[in-house]
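The values are calculated or read from the model by the stated rules, or taken from the named source; none is laboratory data. A quick note: this is a predicted structure, and the numbers were derived from the prediction, not measured. Here the Cβ positions follow ideal geometry from the backbone for every residue, glycine too, while neighbour counts run over all protein chains shown.
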């Protein structure tokens, strides 16, 4: 987080003070639940303030060590996953733009899962195939099945 070891106090409040306010309640609840019913390990994502003032996405993983049923020590790590979160956000925005473009162009889309041989898509695809003339629809289905067989055999 940009700090040297000697720059921060080694206690829970120092850590809490750096967590994004919108994440604090969720992180505290996760920790409380973890300590009430310890799991093998914990894993939680949240934003934390960097020394330069920016917010970084953190993946926190750890394990509480217990003695006589009481937590004595928490060991773990923090991984900066800000770049990954930014890429996820960019992908979501790109997908939204694609859906907008399909909507504007009045086009549909479809996807075929080759393992399950199931397809899914946007409703306009269904409308398109339903409005195709019967002869064209049969030709389209034959062509589609040849394509599937060819792809499956590759």
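A few points about this structure:
For (1) surrounded by 12 or more Cβ atoms within 10 Å (Cβ to Cβ); (2) more than 30 Å from residue 121 (Cβ to Cβ); (3) in the same structural domain as residue 32 (by TED's automatic domain parsing), each residue gets a yes or a no:
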{"residue": "45", "(1), (2), (3)": "yes, yes, yes"}
{"residue": "50", "(1), (2), (3)": "yes, yes, yes"}
{"residue": "62", "(1), (2), (3)": "yes, yes, yes"}
{"residue": "74", "(1), (2), (3)": "yes, yes, yes"}
{"residue": "80", "(1), (2), (3)": "yes, yes, yes"}
{"residue": "93", "(1), (2), (3)": "no, no, no"}
{"residue": "97", "(1), (2), (3)": "no, no, no"}
{"residue": "102", "(1), (2), (3)": "yes, no, no"}
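- Take the conditions (1) modelled with pLDDT of 80 or more; (2) out of contact with any helix residue (DSSP H, G or I) (no Cβ under 9 Å at 6 or more places or on another chain); residue 60 misses just one of them, which is (2).
- Condition met for residue 113 (in the same structural domain as residue 50 (by TED's automatic domain parsing) and either under 28 Å from residue 41 (Cβ atoms) or in contact with a strand residue (DSSP E or B) (Cβ under 9 Å, 6 or more places away or on another chain) (or both)): no
- Just one of the listed residues (52, 100) is in a loop (DSSP other than H, G, I, E, B) and more than 24 Å from residue 33 (Cβ to Cβ), and it is 52.
- Within the range 1-49, considering residues that are in contact (Cβ under 8 Å) with a residue 40 or more places away in the chain and assigned to a strand (DSSP E or B), the one nearest to residue 79 (Cα to Cα): 48
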